[in-house]
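The values are calculated or read from the model by the stated rules, or taken from the named source; none is laboratory data. What you see is a predicted model, and the numbers here were worked out from it, not measured in a lab. Heads up, the Cβs are rebuilt from the backbone with ideal geometry, glycines too, and the neighbour counts pull from every protein chain shown.
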Amino acid sequence: MSLSTQDALEKAYSDAQGKVTNAENSVKDAQSTYAATQSEIIAAQNDLAAAKSQLSNVSSAINDVKSATDLANFVSKASLAFSALDDVNAKTSSAANHANTAKMGLVTTVAIPAAGVAAAAGGGFLYWRKRQKKHKKHGVTKELEEAAEEVEKAAKMVCENCGKEFSEVEKFCSSCGKELKKIVEKPMKHRKHKS
């Protein structure tokens, strides 16, 4: 029975060493993260140091279990070793949690203000769209469209020989072949009829 208990302790000790190594990597990763929360990194370092210290105590406790001479002493030493292993696991878990929380400092430093800016921009867009709908109701947009059509009509160019319309890039009339001069047709003025 003592051999299987010792094997279980050795296996648990090996697992605890792996957890300590993983926690060390998490802490190092948090330390190299931009805008990590320093207080969380310090808490993670403290928990990691406590886990390492407790791990060395476990090693001593396992040696005590191996050297136990009677059953009562063996059970007492094994119980202390398993309790110390539980403490190591709790401290490594706490260190990893603190390290992950520290890395979230980037979110609070960068992402939350960015979300605020995006919300403000979205609110500005919604305000602008609401005003556009309001102006459409009052005919402002319709008036602008009519003015744009008149400017467009005024910009049409025609051949002075045959009267065919042409674009700015053409140099000769496609209908009569005459060299084109840029002559702008004047728009017709709208007369308001009295009722």
Can you name every residue in segment 64-82 that is exposed (fewer than 13 other Cβ atoms within 10 Å of the Cβ) and of a type in the set (Gly, Ala, Ser)? 67, 72, 79
Which of the residues spanning segment 77-103 are closer than 13 Å to residue 6 by Cα and of a type in the set (Ser, Thr, Tyr)? 79
Please go through segment 21-44 and give me each residue that is under 15 Å from residue 89 (Cβ atoms) and surrounded by fewer than 19 Cβ atoms within 10 Å (Cβ to Cβ), ordered by number. 21, 22
Please enumerate the residues belonging to segment 25-47 that are over 12 Å from residue 97 (Cα atoms) and hydroxyl-bearing (Ser, Thr, Tyr). 32, 33, 34, 37, 39
So which pairs qualify, if the first residue must be in segment 14-32 and modelled with pLDDT of 90 or more, the second must be acidic (Asp, Glu) and buried (at least 19 other Cβ atoms within 10 Å of the Cβ), the Cβ gap must be under 8 Å, and the two must be at least 6 apart or on different chains? 23/47
Scanning for something exposed (fewer than 14 other Cβ atoms within 10 Å of the Cβ) and without any contact (Cβ under 8 Å) to a residue 60 or more places away in the chain, does segment 91-107 turn up at least one residue? yes
